[in-house]
Amino acid sequence: MSDDKKTDSTQPEEIRSTGSPPLSANHESRTDEADSSVAVESLSVKKPQGFFAERPLPAIEMTPGRLRYLTRRDVLLFGAGAVAALAGGGFLLPQETLSRLGVRRNKDSPGKEWFLNRALRIDDDVAEALYSENRRVPTYTKSQITPLKNNYNGATPNPGYISGWNLILDGLASGLSISLDIRNLTTRFSVHEQITRLVCVEGWSAVAWWAGLRFDDLLSAYPPMSQAKWARVESSVNLDDSGDPDPYFMSIDLATARHPQTLLATHFNGQPLTVDHGAPLRLLVPVKLGLKNVKAITKITYSAEEPRDYWAERGYSRYDGI
C-alpha cells in the first residue's frame, strides 16, 4: 500500500474520519489573501533557475576612503594601458605618420620587421593548415563573366618574345632539364575549362573563363625529384615602369600545384591568351591571390626547400591563400 493511503491510529477521531484536523478560531480567521501569498511563495521556491539566468547583484558595502582608493587605482591602470597601447601601435605606424606626430625613429626598425613578419607567418601557417585539395572555389556561368584587368607588375611586354618562347623544367626526378614549346603542351595534355574568380591583393576581383592543362598533369608527366615540396615559377618577360627587365619569380607549394583547379592556362574567353593576359602560358591558381597567378611563365624549378618569392621579399605574405 502506498504512503498516501496509510492512516495513523493515534490521530484523533475527527482526523481519522475526515482526513484533516478541525479548524480552530485562528484557522478560521486566515484570509484568502494569506492563503494566496503562501501558495505563490511555495511555487516560487520550486521554480528551477536556468544556468544562464540573471541573478541579483550582491550588495557590497564599502567605506568612502576605500572607494576613492580603488577609483584612483583603476584610473592609473587604464592610463598605463592606454599609453602602452599607443606605444605599441606607434611602433607599427609608417614613418611619415610618426613624423607628423613629432616622433623620430628608424623606419627600418628590425623589431618592427620581425613583428610584422611573424604576424604574416602565423597567417600563412593557419591558411596552409586549412588547405584541402577537396575544397574548391566556386565556379560561375558565362553570363557571370566580368572584365579582367591587364595587371602586369610594370609595363606590358612586347609580343615579339612569343615566337621564341619555351617552358623550361628543372629539378626533375630524371635529373634532366626539359624544354617544351606551346605545341607540346596543347597537343599532349587534355584541356580543362573553368570559370572562376581571380582575386587581387589590391582589392579588386573578376570572374573569367580559362582553359588549359592541369598543373597536376604536368607533374605526372615530368615528375619532380622525390624530395621536392616547392616549385619556383619564373617569368622573364616582365618589365619595370621604365621598360627595363624586371624578372618575376614566385614560389608555390606542390600541394597547391596539384589542386584540381590549378591550371597552366593557354586560353582566355575561348581564345588563345593575348600578351595582356600572359601569353602563351600563365599560371592560374584560384585558391591563391592574384600575385601568385604568374603571367608568361618561362621556367619551373622544383626544390625541397622553399625558394625565393618576389613579393615575399617585399613584405607580402608567402602563402597568399584565400
Compute the signed sum of charges (Lys and Arg +1, Asp and Glu -1) over the other residues within less than 9 Å, Cβ to Cβ, of Trp311.
0
Along the range 130-141, what does the Karplus equation 6.51 cos²θ - 1.76 cosθ + 1.60 (θ = phi - 60°) give for ³J(HN,Hα), rounded to whole Hz, x for Gly and Pro?
7, 5, 8, 5, 8, 8, 10, 6, x, 10, 10, 9
Hey, rough spin-label estimate for Val126 and Tyr161, points 7 angstrom out along Cα→Cβ, what's it come to in nanometres?
3.7 nm
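Let me check I've understood the local charge: for Thr196, count other residues with C-beta under 12 angstrom from its C-beta, Lys and Arg +1, Asp and Glu -1. What total comes out? Each step should come with its number before you reach the end.
On the way: positive: Arg136, Arg197, Lys288; negative: Glu193.
Once all neighbours under 12 Å are counted, the net charge is +2.
At 0.36 nm per residue, minus the direct Cα-Cα distance, what do Asn153 and Ile168 gain on full extension? Give it in nm, one decimal, please. Spell out each step's value before the answer.
Numbers: separation 15, 0.36 × 15 = 5.40 nm, distance 2.20 nm.
Full extension from Asn153 to Ile168 adds 3.2 nm.
If you roll a 1.4 angstrom probe over the protein chains with everything in place, what fraction of the accessible area of the range 174-220 belongs to carbon and sulfur, to the nearest %?
Taking all protein chains in place, the range 174-220 shows 45 percent carbon and sulfur surface.
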Mind ranking 169-178, 222-231 by how tightly packed they are, going by the mean number of other C-beta atoms within 10 angstrom, highest first?
222-231, 169-178
Once both labels are modelled 7 Å past Cα along the beta-carbon direction, what's the Arg72-Lys229 spacing in nm?
5.8 nm
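Applying a 10 Å radius around every beta-carbon, put 56-64, 260-268, 155-163, 140-148 in order of their mean neighbour count, most first.
260-268, 155-163, 140-148, 56-64
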Starting from the amide H of Thr266, placed 1.01 Å from N in the peptide plane, find each other amide H under 5 Å away whose residue is 5 or more places distant or on another chain.
Ala211, Gly212, Leu213
Take the cross-link list Lys149/Lys292; Lys142/Lys292; Lys229/Lys288 and give me the ones stretching past 22 Å between alpha-carbons.
Lys142/Lys292
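Between Thr141 and Ala80, what's the calculated FRET efficiency when r is the beta-carbon distance and R0 is 45 Å? Round to 0.05.
0.20
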The alpha-carbon center of the range 188-220 and that of the range 139-173 are separated, in whole Å, by 10 Å
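May I ask for the net charge around Val275, where only other residues with Cβ less than 12 Å from the Cβ of Val275 are counted and Lys, Arg are +1 while Asp, Glu are -1? Don't jump to the answer; show the numbers that get you there.
Values: positive: Arg282, Lys295; negative: Asp276.
For residues surrounding Val275, the net value is +1.
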For Ser179 and Tyr316, extending 7 Å from Cα along the Cα-Cβ vector and measuring point to point gives, in nm, a value of 3.0 nm
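In what sequence, highest mean first, do 182-191, 307-316, 269-278 appear when ranked by Cβ atoms within 10 angstrom? Working shown, then result.
Numbers: 182-191: 13.2, 307-316: 15.1, 269-278: 16.8.
Those peptides, ordered most packed to least, come out 269-278, 307-316, 182-191.
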Report the Rg/Rh value for the range 149-265, based on alpha-carbon coordinates and the Kirkwood definition of Rh.
0.96
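The values are calculated or read from the model by the stated rules, or taken from the named source; none is laboratory data. Given the structure is predicted, the values throughout are model-derived calculations rather than measurements. Note: ideal-geometry Cβ built from the backbone for every residue, glycine included; neighbour counts use all protein chains shown. The accessibility values were calculated without ligands, DNA or RNA, using every heavy atom of the protein model including side chains. Shrake-Rupley method; radii C 1.70, N 1.55, O 1.52, S 1.80 Å.
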